[in-house]
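The values are calculated or read from the model by the stated rules, or taken from the named source; none is laboratory data. From a predicted model like this one, the values you see are computed outputs, not experimental measurements. Note: ideal-geometry Cβ built from the backbone for every residue, glycine included; neighbour counts use all protein chains shown.
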Amino acid sequence: MIRVERRRLDNGLRIAVAAIPELRSTSVLLAVEAGQWFEPAGHAGVARLTAQTMLRGTATRDAAAWADAIDALGAVARLDIGAHAAVFSAQCLGTDLAALLELMAETLRTPALEAADLEFVRGQTLAQLERDERDTRAVVDRVWRELVYPRDHPFHSPGIGDAAVVREATVDEIRDYHATAIRPDGALLVVAGGTTADAVAEAASRTLRDWRVSAPRTDRATSAVSLPRAVRRAEIVPDKTQCDVLIGWPGIPRDDPRFVAARVTNMVYAADTFASRAGNVIRDQLGLAYYVFSGIGSSRGQSPWIVRMGVNPENVRRAIDVALDELRKITVGEVADDDLALAKDKLVGELDVALESPGGVASMVLEAELFGLGDDHFERYPKALRSVTKDEVVAIARSCIPPDRYALVVAGPPLPEPLA
Amino acid sequence: MIHALEARHAPVVSLWVWYHVGGRNEVPGTTGMSHFLEHMLFKGTTSHPKGDLDRLLARYGAQWNAFTSEDVTCYFETLPRARYEAALELEADRMRNALISVEETEAERSVIVSEREGLENDPSFLLGEELQAVAFSRHPYGQGVIGSKDEIKLMPRDGLYGHYRRFYAPNNAYVVVAGDDDAGRLADMAARAFAEVEPSKDIGEPPKAPEPSQHGERRIVVRRAGGSLPIVMLAFRAPRASDPRAPALAALSVALAGTTGGGDGASGRSSRLHRALVEKGLAADVDATFQLMKDPFLFWLDATLRPEVAHAEVERVLLEELDRISRDLLSEEEFARVSRQLLASHAFATDTVTWRAFHCGRLLSTGAASSIAEWYEKLAAVTREQVRDAAAAVFVERFRNVGWFVPEAAD
């Protein structure tokens with residue numbers, strides 16, 4: 001069981017530490033409420049541009065000096081934009097934690113955000129967007145979001161953003177986003193591994209205590225999303241062998257009381273290529289695909305709940321039919337007791353196995369703290385998984401992932417027959 | 001051979017079984033046989049019908065998988081400590097008792113074709129496969145691992161079964177376990193589980209197909225519409241894992257491209273190639289890889305170019321940087337960074353139970369070291385001079401293989 005020690009700085013920054021004294025390394029996650037959910041409408045991509053530009057140097061160190069400093073620690077770090085949070089994640093030796101936090105704090109608090117830095121990041125981002133246009137997985141993700149979420153919804157675009165926004169973003173825009181969104185209130189520092197809560201608190205206090213942001217946070221109004229009918233789209237990506245197939249629905253927020261049951265439903269249906277029904281039939285029984293898996297996102301909003309498959313064009317139609325048929329069976333109550341027990345066993349067992357790595361522990365703590373799941377979450381969560389009933393699974397499948405109201409995108413070589 | 005390690009920070013055990021069979025043991029006509037066989041080891045045994053293993057491991061919450069490389073085929077499961085004995089039973093059982101039925105072989109064939117087709121969607125895979133093929137004229141490393149699509153489609157069941165009976169046996173395997181128990185006890189339990197497993201009488205000698213010396217640069221161009229950014233890939237002949245220069249080559253790859261493999265991470269940006277290519281706006285990302293292998297293999301460098309940048313320009317800068325690092329010592333400050341990244345990444349990998357066991361198995365199976373501690377000592381002892389000398393020995397024009405991926409317009 002994970003034991004978490006919690007602290008809080010005066011500026012609102014929360015600290016959660018899961019010490020694992022046997023380890024030399026630590027996993028650090030500094031999450032700021034600056035993910036897609038908080039991005040201003042019509043500016044998809046500004047959050048990521050800001051994050052990447054922040055990594056180009058600070059008021060006291062240029063990009064080269066900052067890179068030298070983090071590599072001198074041997075740390076591995078990145079700053080990603082997720083559906084909910086911007087997460088500065090790193091792994092370092094426990095003895096280097098204070099120095100790492102100093103570099104992270106400098107980046108968050110006093111990034112240089114110079115025009116030349118933005119131009120560099122813009123060039124890199126446009127190159128990635130160009131690469132994504134011929135990447136079947138990136139294409140299905142982009143097109144699926146466009147089908148499901150209205151243009152003004154935070155999840156309408158992938159985290160990398162819209163090419164037009166990326167091309168036109170100005171330094172002022174980046175600086176403004178940094179000034180309003182990168183803030184300690186709502187932020188959370190999670191550390192797991194070879195350190196102590198006192199050491200983390202002391203280092204964090206030294207580097208982050210004076211972090212203040214006075215600009216008001218701008219809330220973004222977001223309406224509920226639902227699919228009135230099934231929508232299907234095929235995108236041809238030239239010179240590919242395999243199609244990426246994505247079937248999905250707008251999911252439910254992490255704080256929705258049905259979320260735990262949704263995770264069990266997801267596992268029964270398609271989460272695991274081998275343990276779930278869709279993968280069992282599509283791969284194991286019919287040999288139609290190498291991988292079949294699904295995922296349900298954790299955020300304040302309706303993150304995507306999606307099934308992914310990689311399928312030869314000749315088999316696309318059949319694989320889709322089977323995937324939806326397996327879902328249909330769940331919605332009419334055809335859930336074997338053993339399948340439900342297996343899904344719960346797997347989800348509970350994985351909690352123990354995740355303790356093997358500081359990164360796994362930190363991720364679980366981050367979710368619990370970010371969404372306020374309670375101090376006793378790690379005690380209650382396995383019991384909550386165990387208590388999910390077949391009726392709940394059926395109800396979730398009917399209401400959240402109905403087999404007659406979904407968005408489907410296929411990207412890859414031309415299909416032998418139209419999708420519709 | 002059984003090797004056990006204690007890892008007391010989590011209530012789990014990670015069990016790995018390494019078989020000395022991979023692409024290296026294959027001949028033209030049946031390339032991909034070891035990888036195909038890996039899939040068949042999940043299709044049932046005399047005691048555990050198909051699906052039994054998957055469901056049991058899922059029930060335990062296990063993290064499990066298998067992979068095949070040029071050198072080895074490997075199966076692992078990380079699961080709660082209380083289930084260690086069950087995992088041992090499953091692995092000992094499938095070491096000799098897999099069914100590999102005709103029906104299941106046919107059913108799995110299309111899954112493997114699908115796996116190959118997924119890889120073919122990636123221009124880096126296409127270029128890397130072609131470049132590896134031209135880098136070896138005799139050694140089976142040139143055949144890669146997954147096999148050609150046609151050979152997968154023709155793979156005979158009886159050939160698979162013969163391959164299985166020959167290579168899957170305790171006298172051709174390493175068992176490596178790391179977990180939350182006394183190492184002696186973990187090892188004893190494994191020894192008991194595999195004690196009665198029948199050895200193979202037909203392993204034969206390790207493959208001997210020494211690669212003749214390369215006498216000049218080899219060059220290929222792959223043109224496809226399936227990617228939008230150009231790629232430049234270099235592959236130099238490099239020593240095997242047991243060569244005394246292997247630790248210095250590991251450090252060399254860090255000096256060139258850091259430890260995280262390119263991308264948009266915040267670390268590794270002080271590396272030579274990141275600064276020369278990515279910071280200069282020539283490449284979107286760049287990587288350098290030295291792999292621990294049983295036989296002499298390749299030191300890989302690859303750069304994904306920014307749009308509109310010429311291949312020749314990136315290749316020129318790459319070669320300049322390789323020449324520089326082969327000629328001049330890293331500065332003391334730079335070498336300290338490289339060394340720290342190398343040793344820290346070693347700690348990160350071995351702080352996870354699964355990867356601790358994997359790392360140990362890789363060192364043992366390739367002959368790089370007899371333990372994780374020994375490999376760490378070798379890495380810690382690398383000097384600036386050794387890095388320079390290793391670069392000078394490897395980055396030689398006549399050992400060089402060059403590949404360009406040229407994106408084409410869609411029809």
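Out of the range B:84-98, which residues are more than 14 Å from B:T45 (Cα to Cα) and surrounded by 22 or more Cβ atoms within 10 Å (Cβ to Cβ)? B:Y84, B:A87, B:L88 - these are the residues of the range B:84-98 that are more than 14 Å from B:T45 (Cα to Cα) and surrounded by 22 or more Cβ atoms within 10 Å (Cβ to Cβ). Number of residues in the range A:194-243 that are closer than 30 Å to B:R223 by Cα and either part of a loop (DSSP other than H, G, I, E, B) or of a type in the set (A, V, I, L, M, F, W, C) (or both): the value is 9. For the range A:21-63, a residue qualifies if it is among the hydrophobic types (A, V, I, L, M, F, W, C), part of a helix (DSSP H, G or I) and either touching a residue at least 60 places away in the same chain (Cβ under 8 Å) or under 30 Å from B:H9 (Cα atoms) (or both), and the qualifying residues are A:W37, A:F38, A:V46, A:A47, A:L49, A:M54.
Entry remark, the range B:111-132: residues being part of a helix (DSSP H, G or I), in contact with a strand residue (DSSP E or B) (Cβ under 9 Å, 6 or more places away or on another chain), within 14 Å of chain A (Cβ to nearest Cβ) and of a type outside the set (D, E) number 10 in total. Look at (1) assigned to a loop (DSSP other than H, G, I, E, B); (2) within 11 Å of chain B (Cβ to nearest Cβ) and you find that A:D10 fails only one, number (2). Just checking, does the range A:116-134 include any residue being within 30 Å of A:S357 (Cα to Cα) and within 19 Å of the chain's Cα centre (by Cα)? There is no residue in the range A:116-134 that is within 30 Å of A:S357 (Cα to Cα) and within 19 Å of the chain's Cα centre (by Cα). Let me spell it out: the conditions are (1) crowded, with 20+ Cβ neighbours inside 10 Å; (2) within 14 Å of chain B (Cβ to nearest Cβ), and A:R386 meets all of them except one. Which number is the exception? With (1) crowded, with 20+ Cβ neighbours inside 10 Å; (2) within 14 Å of chain B (Cβ to nearest Cβ) applied to A:R386, the lone miss is (1). Selection over the range A:74-99 of residues that are more than 7 Å from chain B (Cβ to nearest Cβ) and either polar (S, T, N, Q) or outside any strand (DSSP E or B) (or both) gives a count of 11.
Filter the range B:366-411 down to the residues that are of a type in the set (A, V, I, L, M, F, W, C), assigned to a helix (DSSP H, G or I) and touching a Pro at 6+ places or on another chain (Cβ under 6 Å) and list them by number. Answer for the range B:366-411, where residues must be of a type in the set (A, V, I, L, M, F, W, C), assigned to a helix (DSSP H, G or I) and touching a Pro at 6+ places or on another chain (Cβ under 6 Å): just B:L379.
Every residue, every condition in (1) touching a His at 6+ places or on another chain (Cβ under 8 Å); (2) touching a residue at least 60 places away in the same chain (Cβ under 8 Å); (3) hydrophobic (A, V, I, L, M, F, W, C), yes or no:
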position: A:E350; (1), (2), (3): no, no, no
position: A:V361; (1), (2), (3): no, yes, yes
position: A:M364; (1), (2), (3): no, yes, yes
position: A:L370; (1), (2), (3): yes, yes, yes
position: A:I396; (1), (2), (3): no, yes, yes
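Listed by first and then second residue, the pairs linking a residue in the range B:59-79 that is without any contact (Cβ under 8 Å) to a residue 40 or more places away in the chain and assigned by TED's automatic domain parsing to the domain that holds B:Y164 to a residue that is acidic (D, E) and in a strand (DSSP E or B), with Cβ atoms under 8 Å apart and 6 or more places separating them unless they lie on different chains, are B:A62/B:E77; B:W64/B:E77.
For (1) buried (at least 16 other Cβ atoms within 10 Å of the Cβ); (2) acidic (D, E); (3) within 12 Å of chain B (Cβ to nearest Cβ); (4) over 26 Å from A:E392 (Cβ atoms), each residue gets a yes or a no:
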{"site": "A:R206", "(1), (2), (3), (4)": "no, no, no, yes"}
{"site": "A:R212", "(1), (2), (3), (4)": "no, no, no, yes"}
{"site": "A:R220", "(1), (2), (3), (4)": "no, no, no, yes"}
{"site": "A:R232", "(1), (2), (3), (4)": "no, no, no, yes"}
{"site": "A:D256", "(1), (2), (3), (4)": "no, yes, no, no"}
{"site": "A:V260", "(1), (2), (3), (4)": "yes, no, no, no"}
{"site": "A:A275", "(1), (2), (3), (4)": "yes, no, yes, no"}
{"site": "A:V292", "(1), (2), (3), (4)": "yes, no, yes, no"}
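For the subset of the range B:176-191 comprising residues that are more than 18 Å from B:W355 (Cβ to Cβ) and in contact with a Leu (Cβ under 8 Å, 6 or more places away or on another chain), which member is surrounded by the most Cβ atoms within 10 Å (Cβ to Cβ)? Here the residue is B:A190. Screening the candidates B:G147, B:G184, B:G159 for the property of being more than 30 Å from A:L355 (Cα to Cα) and either part of a helix (DSSP H, G or I) or in contact with a Cys (Cβ under 8 Å, 6 or more places away or on another chain) (or both) yields one hit, B:G159. Residues of the range A:117-138 being assigned to a helix (DSSP H, G or I) and more than 17 Å from B:A283 (Cα to Cα), which ones? Hits for the range A:117-138 are A:E133, A:T136, A:R137, A:A138.
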